[in-house]
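Written below as structure tokens is the structure these notes are about.
Every number here is computed from the coordinates shown, using simple stated rules; none is lab data. Predicted, not measured: the structure shown is a model, and the values here were computed from it. Cβ placement follows ideal geometry from the backbone for every residue including glycine, while neighbour counts extend to all protein chains displayed.
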Amino acid sequence: MLLSALPFILLIIAYLYYSQARLAENPGDKLLPAPATIAATVHRYAFEEDERTGDYLLWDDTVASLERLGIALGVSATLGLSLGLAIGILPYVRATLAPFVAALSLIPPLAILPILFIVVGLGELAKITLIIIGVTPIIVRDLALRTAELPGEQIIKAQTLGASTWQIVLRVVLPQLWPRLIDALRLSLGAAWLFLIAAEAIASTEGLGYRIFLVRRYLAMDVILPYVAWITLLAFGMDWLLRITRAKAFSWASPGA
Amino acid sequence: MTQVTIKHLWKTYGEQVVLENVNLHIGDHEFVTIVGASGCGKTTFLKMLLGIEGPSKGQFLIDGEPLPDEPGPDRGIVFQRYSLFPHLRVIDNLLLGLELRGAPLTGRLFGARRRRARARADELLEAVGLQAAADKYPRQLSGGMQQRLSIAQSVICEPKILLLDEPFGALDPGITADMHTLILKLWNMNKMTIFMVTHDLQESFQLGTRLLVFDKVRIDPQAPERFGATITYDIPLRGHRETPPAPTGTLPVADAPQPSAA
């Protein structure tokens, strides 16, 4: 525990040292703002109404971003689970869709962002769709592999217990895919944030990514740095939540219990 | 009453002949043990009984009807491994067969029907000595306990035929003896026909009422795939048909988690 805190502490010390050194040379330096400046900015963004709009910027940005991320991940998980399961278990669906999904997953999502803007406009839909396009093929492929990995013995055993294909999906395959879905979501969180911030940076009026790219014009490191830290914390929190859910709800799948 | 009749059965994969000209009649309530060298079609034979492989030539009849081409509830199977469902507790693994047959749409039973099924499962759980482990997950069980559960899981569906594919091959010798007592007890309780593939000759003589040896009669050294195996010995044994079922209650099991008071 102490050992894992060490790199963080070293990073903070290094920051404080260089910040202080630069500010001593030029009090107007904006690159490495002093902790007091950062604290004041955070206070202004989080706890004071914006003079122009009357909003609490940090919370509004957070809600906007998390909403986009939540909807997109929800849709991706639903699509990923149903398609992955179908591809993994039904040979005809696999023959039809597996190569298509494999090809889709190789398209760099950012390259088709302009298409999304042209087709669905600059609204929420474009940003959410970008995340879905970026994340879903990976989840589909992962879950299809996990489904195919289930031992054939299990399926045959279920058949000898009188299971129909539908019952095999419902009682044997699906319950074993839930923890795998959580794993797949955890792994795609990083990509989801990447696409979210990219989309917000290009066309948005609120959101964490939007804010960072907005204040970049004023070299406002005192905003950017806490925002980056906040995003990191949010991402970590989501990962932690998924991990805990998996351990609690699917104890049969966690090692060593 | 279950009769298995096999007439002039051949199984080939392309050029490769696996089984040739197998003829067999198995009457009701037999315990058939199957031995033979590796690659002599024992497992293929079992797969055909299971319905995941079809005969290439000849007839394979159960009660005069051709085998269905997929596994069904009249033929249970216990594999050496992987035949339990890791996401279900022991009791739910056992209930699964009853639930699947009782509820085609949801695969789950509720209320009074569930209680009835639960009572049946509890009974069987006790018969295989696993009542203390009812709420555990399969991977928390020892290998012997897993196999006992897997056997019980098949038996609860009351199959006409139970197929055992080297079920005790991965177990310690000490545990195997308990498993033999158990399987004979269940066999006598349910009056089913058992086909058991094994590598253990002693086991095959000890358990069976009928011992089948699969072997190749002809071998062409230049083309080993040209000739398949067939039944070279069909030995009737005394078996344990007369053995009265052990009194219900706990079995003497060596690997139970805690000795249960019964």
Completion exercise
Of the convex hull enclosing the alpha-carbon atoms of the range B:4-236, the direction-averaged projected area in nm² is 13.7
Handout entry: Exceeding the 20 Å Cα-Cα cut-off - candidates B:K42/B:K216; B:K7/B:K216; B:K11/B:K42; A:K157/B:K47; B:K57/B:K191
Key = B:K57/B:K191
Problem - Share of pairwise Cα separations in the range A:129-170, more than 11 Å, in percent - result: 71
Practice task
For the range A:1-70 and the range A:137-197, write down the distance between their C-alpha centroids in whole Å.
Solution key: 41
Exercise for the section: Within a 10 angstrom radius of each residue's Cβ in B:81-93, how many Cβ atoms of other chains show up on average? Whole number is fine. Expected result: 4
Exercise for the section: Sorted from largest down, give the three principal axis spans of the alpha carbons of the range B:175-231, whole angstrom values. Expected result: 49, 24, 14
Fill in the blank from the handout: Reduced to Cα centres, the span from the range B:86-122 to the range A:211-239 in Å works out to 52
Exercise for the section: Any chance you could list P(r) for the range B:139-206, counting all Cα-Cα pairs in 5 angstrom bins from zero, rounded to whole %? Expected result: 3, 15, 30, 28, 17, 6, 0
Problem - B:H25-B:R116 FRET efficiency (beta carbon distance; Förster radius 41 Å; 0.05 resolution) - result: 0.60
Practice task
Arrange the following residues from fewest to most other Cβ atoms within 10 Å of their Cβ: B:T5, B:T209, A:T136.
Solution key: B:T5, B:T209, A:T136
Handout entry: Per-q log10 I(q)/I(0), chain A, q = 0.10, 0.15, 0.17 Å⁻¹ (Debye; single scatterer per alpha-carbon; no solvent)
Key = -0.66, -1.13, -1.28
Fill in the blank from the handout: Non-local residues with an amide H under 5 Å from the amide H of B:G36, with H modelled 1.01 Å from N and Pro and chain starts lacking one, are B:F214
Completion exercise
Hull volume per residue for the range B:1-107, using the convex hull of the C-alpha atoms, in Å³ is 153
Fill in the blank from the handout: Rounded to the nearest 5, the percent of DSSP beta bridges in the protein assembly as shown running antiparallel is 50
Exercise for the section: Could I have the simple spin-label model distance between A:R243 and B:T106, label points 7 Å from Cα toward Cβ, reported in nm to one decimal? Expected result: 3.6
Fill in the blank from the handout: Residue separation between A:V75 and A:A201 times 0.36 nm, minus their alpha-carbon distance, gives in nm 43.1 nm
Practice task
Go ahead and estimate [θ] at 222 nm for chain B from helices alone: -39,500 (n - 2.57) per DSSP H run with n ≥ 4, summed, over the residue count, rounded to 500.
Solution key: -9500 deg cm²/dmol
Problem - Convex hull projection area averaged over all views, the range A:18-166, Cα basis, nm² - result: 15.7
Practice task
Calculate for chain A the 222 nm mean residue ellipticity that helices alone would give, adding -39,500 (n - 2.57) per DSSP H run of length 4 or more and normalising by residue count, nearest 500 deg cm²/dmol.
Solution key: -25500 deg cm²/dmol
Handout entry: For the range A:146-160, 3J(HN,Hα) per residue [Karplus equation, 6.51 cos²θ - 1.76 cosθ + 1.60, θ = phi - 60°, Hz, x = Gly/Pro]
Key = 4, 5, 5, 6, 4, x, x, 4, 4, 5, 5, 4, 4, 4, 6
Handout entry: Two-site label geometry, A:A229 and A:L6: point separation in nm, points 7 Å out along Cα→Cβ
Key = 2.3
Handout entry: Inter-probe distance in nm under a simple model that places probes 7 Å from Cα toward Cβ, at A:L194 and A:L23
Key = 3.5
Handout entry: Under the Karplus curve 6.51 cos²θ - 1.76 cosθ + 1.60, θ = phi - 60°, whole-Hz ³J(HN,Hα) for the range B:123-137, x wherever Gly or Pro sits
Key = 4, 5, 4, 5, 4, 9, x, 10, 4, 6, 9, 3, 9, 8, 8
Exercise for the section: Evaluate the Kirkwood expression for the hydrodynamic radius of the protein assembly as shown, namely the inverse of the mean inverse distance over all pairs of different C-alpha atoms, and round to one decimal in Å. Expected result: 27.8
